[in-house]
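Peer 1: First the structure, then my questions, so here it is.
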Amino acid sequence: MLRPATAAVSPPASLQVLHWWTSASERKAANLLVAYAAADNVTWMDSAIPGGAGLAAVKVLRSLVLANDAPEVTQIIGASIGEWAELGMLLELDAPAQAGNWNAVLFPAIYKLVQHRQHVVAVPIGIHRINTLFYNRALFARLKLKPPKSWSEFEQIALKFNAEGIAALALSSEPWQVATLFENLLLASGGQQLHRELFVRMNAQALSDPRLTEALERLRLMKSWTKQPIAERNWTEVVQELANGEAAMLVMGDWAKGELNVTGLPTDGVFSCSAMPGTEKFNLYSVDTLTMFTKDYAHSPAQEKLARLLLTPAVQTGYNNVKGSVSVRRDADPARMDSCARASWTAFGLGASAQVPSLVHRMSVDEVARDAVIAEINHFFADDSVTPAQARQRLGAVFRALHLRRSDH
């Protein structure tokens with residue numbers, strides 16, 4: 001008996017994906033990408049490496065590359081993209097970029113970020129705003145307070161909460177979280193120009209700016225606003241402290257919003273957000289990006305397919321709504337964003353005058369420089385005997401060493 005001919009269905013292509021999205025909200029966002037990929041006949045084989053700020057994932061990637069076993073897709077962000085591309089290890093994604101008209105639909109700064117030597121080498125999927133102040137609406141209502149717009153208001157509100165026996169600020173002593181708070185304070189005190197001189201150009205002369213001293217002094221003061229003693233905790237635990245009403249405020253990237261939403265606390269309901277006081281004009285940003293490692297080009301069709309998929313409007317909206325970030329597309333619909341996301345996306349869209357690449361979150365300098373600066377900020381925060389002048393001197397030594405290292409290369 002003859003059977004009718006049927007069209008051959010190709011088996012799904014499999015791609016190993018290494019990333020550090022392991023919190024509840026990050027996991028939900030990643031699972032959304034897994035589902036979209038599966039619908040496009042690509043199997044996303046998940047390799048999620050726990051650890052805040054991707055520290056462990058970066059180490060795992062290096063060991064896999066040394067073992068000649070690099071995953072096909074890897075979360076690499078910021079300055080590190082160019083370093084890996086320079087080694088010739090990243091697949092050039094010019095074909096999907098041209099097909100999707102990325103140079104027109106992406107924000108110019110995002111398109112520049114994913115290019116190396118005029119080739120597209122990464123896929124941007126979301127923009128996080130680091131200068132975000134989250135606040136517990138119920139606690140603010142209880143004390144009849146409004147979110148602070150200036151440092152003086154910030155300080156007055158903190159004192160009122162502490163007087164009521166409520167921690168004004170949720171904070172961990174984990175180094176990257178401390179440095180994230182400090183980067184906010186530096187931007188608030190010194191604006192975009194001082195941030196650029198210190199955290200992009202690493203200009204040692206700028207260390208004498210009194211606004212740096214002001215930011216250091218404010219960082220130390222804010223220790224008194226927190227639950228004592230300050231423990232080193234995962235960022236998700238710190239977010240939960242705000243959600244539980246154990247602390248009134250939190251300064252963190254808007255991935256915290258994704259985590260709050262996943263606990264069932266709606267934006268503009270139980271909690272809300274505003275820009276860190278003094279930084280309203282700016283978007284201190286980090287961008288989620290995926291890169292495609294290539295060895296023999298066997299996986300390049302599936303890698304290019306995934307790259308095209310990640311930039312589609314539906315995936316952009318779905319992923320960023322869960323993750324807490326905002327779309328990298330200039331044509332995204334702000335009506336589909338909550339108030340926090342709209343403020344972030346609008347600020348980023350203002351262009352270079354508003355965009356500030358985060359040092360702590362890998363946008364402005366390489367891993368070595370980032371780690372060295374974070375270590376010095378954390379040293380100052382942890383040891384009250386270290387003066388701001390000594391912190392500036394130590395940062396000066398770091399800057400000089402880094403410039404020597406760059407000149408050697």
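Peer 1: For Lys59 and Arg201, what is the calculated FRET efficiency with R₀ set at 25 Å and r taken between the beta-carbons, to the nearest 0.05?
Peer 2: 0.35
Peer 1: So, one more: Can you put Phe140, Phe182, Phe293, Phe271 in order, fewest other beta carbons within 10 Å first?
Peer 2: Result, fewest neighbours first: Phe140, Phe293, Phe182, Phe271.
Peer 1: Taking amide H positions as placed in the peptide plane 1.01 Å from N, state which residues far from Arg330 in sequence (5 or more) or on other chains have amide H under 5 Å from it.
Peer 2: Amide H to amide H, under 5 Å and 5 or more residues apart or across chains, Arg330 pairs with Leu106, Phe107.
Peer 1: What is the magnitude of the charge dipole of the range 1-137 about its Cα centre, with +1 placed on the Cβ of each Lys and Arg, -1 on the Cβ of each Asp and Glu, and no other charges, expressed in debye to the nearest 20?
Peer 2: 440 debye
Peer 1: Using Cα pairs under 8 angstrom and six or more residues apart, how large is the relative contact order of the range 231-365, in percent? It would help to have the intermediate numbers written out before the result.
Peer 2: Values: 106 pairs, mean separation 41.1, N = 135.
Taking the mean separation of contacting Cα pairs over the length of the range 231-365, I get 30 percent.
Peer 1: Another question, then. Of Ser25, Ser274, Ser150, which is the most mobile in a GNM of the chain whose springs link Cα atoms less than 10 angstrom apart?
Peer 2: It is Ser150.
Peer 1: Let me ask you something else. Efficiency by 1/(1 + (r/R0)^6): what FRET value for Trp151 and Gln390, r their Cβ-Cβ distance, R0 = 25 Å, to the nearest 0.05?
Peer 2: 0.60
Peer 1: Using modelled amide H (1.01 Å from N, peptide plane; none on Pro or chain starts), what sits under 5 Å from the amide H of Val356, excluding residues fewer than 5 places away?
Peer 2: The answer is Asn283, Leu284, Tyr285.
Peer 1: Same structure again: Gain in length, Arg400 to Leu159, computed as 0.36 nm per residue apart minus the alpha-carbon separation, to one decimal in nm?
Peer 2: 82.8 nm
Peer 1: For the residues Thr180, Thr346, what sequence is obtained by ranking on other C-beta atoms within 10 Å, fewest first? Could you put the intermediate results ahead of the total?
Peer 2: Numbers: Thr180 27, Thr346 14.
Exposure proxy ranking, most exposed first: Thr346, Thr180.
Peer 1: What do you get when you divide the Cα radius of gyration of the range 247-312 by 2.2 N^0.38 Å, with N the number of residues?
Peer 2: 1.70
Peer 1: Under a crude label model (7 Å from the Cα following the beta-carbon direction), how far is Arg142 from Lys295 in nanometres?
Peer 2: 5.7 nm
Peer 1: In whole Hz, with x marking every Gly and Pro, tabulate ³J(HN,Hα) for the range 109-124 from phi via Karplus 6.51 cos²θ - 1.76 cosθ + 1.60, θ = phi - 60°.
Peer 2: For the range 109-124, the Karplus curve yields 5, 6, 4, 5, 4, 8, 9, 9, 6, 6, 10, 7, 10, 8, 10, x Hz.
Peer 1: What per residue convex hull volume, in Å³, do the alpha-carbon atoms of the range 138-190 yield?
Peer 2: That works out to 86 Å³ per residue.
Peer 1: While we're on this one: About its Cα centre, how strong a charge dipole does the range 263-365 have in debye, to the nearest 20, once Lys and Arg get +1 and Asp and Glu get -1 at the Cβ?
Peer 2: Dipole size: approximately 180 debye.
Peer 1: Which FRET efficiency, nearest 0.05, do Arg336 and Lys112 yield, Cβ-Cβ r, R0 30 Å?
Peer 2: 0.70
Peer 1: Follow-up. Relative contact order (percent) for the range 144-275, with alpha-carbon contacts under 8 angstrom and 6 or more residues of separation?
Peer 2: 32 percent
Peer 1: Which pairs break 29 Å Cα to Cα here: Lys59/Lys227; Lys28/Lys59; Lys112/Lys223?
Peer 2: Exceeds cut-off: Lys59/Lys227; Lys112/Lys223.
Peer 1: Compute the Cα gyration tensor for the range 352-409, then decide on rounded, prolate or oblate, letting a ≥ b ≥ c be the square roots of its eigenvalues: rounded whenever a/c is under 1.5, prolate when a/b is larger than b/c in the other cases, and oblate in all that remain.
Peer 2: oblate
Peer 1: Springs between alpha-carbon atoms under 10 Å, Gaussian network over the chain: tell me which of Asn68, Asn378, Asn321 tops the mean-square fluctuations.
Peer 2: Asn68
Peer 1: Let me ask something else. List the residues, sorted by chain then number, that are 5 or more residues from Ser272 or on another chain and whose placed amide H is less than 5 Å from its amide H.
Peer 2: Long-range HN contacts for Ser272: Tyr135, Arg137.
Peer 1: Let me ask something else. With +1 on each Lys and Arg Cβ and -1 on each Asp and Glu Cβ, how big is the dipole of the chain about its Cα centre, in debye rounded to the nearest 20?
Peer 2: 620 debye
Peer 1: Assuming a viscosity of 0.890 mPa s and a temperature of 25 °C, what translational diffusion coefficient in µm² per second does Stokes-Einstein assign to the chain, Rh being the Kirkwood radius over Cα pairs?
Peer 2: Values: Rh = 22.1 Å.
Once the numbers are plugged in, D ends up at 111 µm²/s.
Peer 1: Could you tell me what a quarter of the Cα convex hull surface of the range 155-286 works out to, in nm² with one decimal place?
Peer 2: Approximately 8.3 nm², given one-decimal rounding.
Peer 1: Related question: Over the chain, what is the mean sequence separation of C-alpha contacts under 8 Å (at least six apart), divided by residue count, expressed as relative contact order in percent?
Peer 2: Computed over the chain, the figure is 27 percent.
Peer 1: Which ³J(HN,Hα) values, rounded to whole Hz and listed in residue order, are derived for the range 20-31 from phi using the Karplus coefficients 6.51, -1.76 and 1.60 in 6.51 cos²θ - 1.76 cosθ + 1.60 with θ = phi - 60°, glycine and proline given as x?
Peer 2: 10, 8, 10, 6, 4, 6, 5, 5, 5, 5, 5, 4
Peer 1: To make sure I understand, if each residue's beta carbon is the centre and we count other beta carbons within 10 Å, what order do Asp331, Asp338 fall in, fewest to most?
Peer 2: Asp331, Asp338
Peer 1: Among Pro71, Ala48, Ser14, whose Cα sits farthest toward the positive end of the charge dipole of the range 4-123 (+1 at Cβ of Lys/Arg, -1 at Cβ of Asp/Glu, about the Cα centre)?
Peer 2: Going by the Cα projections, it comes out as Ala48.
Peer 1: Placing +1 on the Cβ of each Lys and Arg and -1 on the Cβ of each Asp and Glu in the chain, which of Leu186, Ala391, Ala231 has its Cα farthest towards the positive end of the resulting dipole?
Peer 2: Of Leu186, Ala391, Ala231, it is Leu186.
Peer 1: Oh, and also: Working out 0.36 nm times the residue gap between Ala375 and Glu280, then minus their Cα-Cα distance, what length gain in nm do you get to one decimal?
Peer 2: Stretched out fully, the Ala375 to Glu280 stretch lengthens by 31.4 nm.
We did not get these values from a lab; they are worked out from the coordinates using the rules stated. Predicted model, so just to flag it, every value in this text is computed and none were measured. Every residue, glycine as well, gets a Cβ built from its backbone with ideal geometry; the counts of neighbours run over all protein chains shown.
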